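Have a look at the structure below, then the notes.
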Amino acid sequence: MGLTLTNVDVVYAGVIQVLRSVSIEVPDGSLVVLLGSNGAGKTTTLKAISGLLATDHGEVVSGQILLDGQDIRHADAAAIFGRGVVQVLEGRKVLEHLTVEQNLMVGAHLRSDRKAVKDDLDRIFGYFPRLPDLMSRTAGYLSGGEMQMLLVGRALMARPRILILDEPSMGLAPILVEQLFETIARIRREEGLTILMVEQNARAAVRQCDYGYVMEAGRIVLHGTREQLESNQDVKEFYLGFSGAEGRERFRNIKHYRRRKRWLG
Ligand code: ATP
């Protein structure tokens, strides 16, 4: 069981095809990463799962998206959230005028089990020990790292079955990235949570994953276990080998075409 995408095609505005035959499997209890450069279609894939394409005039035009064996391709975002699929959007969308505490409680808005909500809050403080001191702060003034803690905490307050994270490391200092991914991996272990995570910060993300997919121009071009990805020459060169974006770009220009042909062939 878990989440399965099979041959999913997505089109925006009725004409722009962005995903082509995307197949991804996220088994229960696993941490799966989706890698790829800008514009590859990663966010679109996540929105297809969580039912958020409609707001962007996008549509899954063919293929299947199964959650525990049931097709959710035509379900709306609220229904999918109600089934435990909780997405943390790209770009730190905290409710900036509310306090940290109010933000966390928004995550629990569908729940009526007050005692359990309180227990969950304590558990989340265990993962993010800085959060209790920030409770009365206005969320909009938090640092990037603090906001990311808050967003993951808020998602956990909804008691997700499947947590979907869109580039949680964006804009964070390397040391914070490592810490965040370690915490995410710990949450997965301790909560038995299923996690699908989009990342550009591939090295740190792959280290924590069970399985990963690489996307280019709307297609999955490569996939494998952590060990397979870490030992794959293409993945090492394009995603793991260079920390500086400049080096990666230079390399990409030289070798990209030949490699991609090989992936797609
Ligand atoms: P990034 O890492 O930069 O966030 P991504 O891999 O998440 O990129 P997407 O945001 O899924 O990529 O975008 C994939 C492609 O779809 C891009 O070419 C983008 O321009 C296009 N696209 C995204 N949203 C829309 C939209 N609402 N209408 C038309 N095209 C769109």
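State which residue is surrounded by the fewest Cβ atoms within 10 Å (Cβ to Cβ) when the search covers only segment 90-104 and only residues that are under 23 Å from the mean Cα position of the chain (by Cα) and closer than 11 Å to residue 154 by Cβ.
Among them, the one singled out is 93.
Suppose the filter is of a type in the set (D, E, K, R) and within 16 Å of the ligand (Cβ to nearest atom); does residue 178 pass it?
no
Taking only segment 207-232 into account, find how many residues are within 17 Å of the chain's Cα centre (by Cα) and part of a helix (DSSP H, G or I).
3
Among residues belonging to segment 181-201 that are assigned to a helix (DSSP H, G or I) and surrounded by fewer than 21 Cβ atoms within 10 Å (Cβ to Cβ), point out the one that is farthest from the ligand (Cβ to nearest atom). Break it down stepwise before answering.
If we filter segment 181-201 for residues that are assigned to a helix (DSSP H, G or I), which is where we start, we get 181-191.
Of the ones still in play, those that are also surrounded by fewer than 21 Cβ atoms within 10 Å (Cβ to Cβ) are 182-183, 185-186, 188-191.
Numbers: 182: 23, 183: 22, 185: 22, 186: 26, 188: 22, 189: 27, 190: 29, 191: 26 Å.
Looking at the filtered set, the residue picked out is 190.
Give just the number: which of (1) assigned to a helix (DSSP H, G or I); (2) under 18 Å from residue 88 (Cα atoms); (3) hydrophobic (A, V, I, L, M, F, W, C) does residue 204 not satisfy?
(2)
Just the residues that are in a helix (DSSP H, G or I), more than 7 Å from the ligand (Cβ to nearest atom) and of a type in the set (Lys, Arg), please, taken from segment 17-65.
47
Would a scan of segment 110-125 turn up a residue that is more than 16 Å from the ligand (Cβ to nearest atom) and within 20 Å of residue 198 (Cβ to Cβ)?
no
Suppose the filter is at pLDDT 95 or above, under 24 Å from residue 239 (Cα atoms), within 17 Å of the chain's Cα centre (by Cα) and within 11 Å of the ligand (Cβ to nearest atom); does residue 5 pass it? Give the steps one after another, and end with the answer.
Numbers: at pLDDT 95 or above: yes; under 24 Å from residue 239 (Cα atoms): yes; within 17 Å of the chain's Cα centre (by Cα): yes; within 11 Å of the ligand (Cβ to nearest atom): no.
When the stated conditions are applied, residue 5 does not pass them.
How many residues does segment 1-43 hold that are among the basic types (Lys, Arg) and under 23 Å from residue 201 (Cβ atoms)?
Summing the residues that are among the basic types (Lys, Arg) and under 23 Å from residue 201 (Cβ atoms) in segment 1-43 gives 1.
Output the residue which, of all residues in segment 105-121 that are part of a loop (DSSP other than H, G, I, E, B) and among the aliphatic types (A, V, I, L, M), is surrounded by the most Cβ atoms within 10 Å (Cβ to Cβ).
Per the criteria, the residue is 108.
The values are calculated or read from the model by the stated rules, or taken from the named source; none is laboratory data. If you're wondering where the values come from, they're calculated on a predicted model, not measured in any experiment. Reconstructed Cβ throughout: ideal geometry from the backbone, glycine too, with neighbour counts over all protein chains shown.
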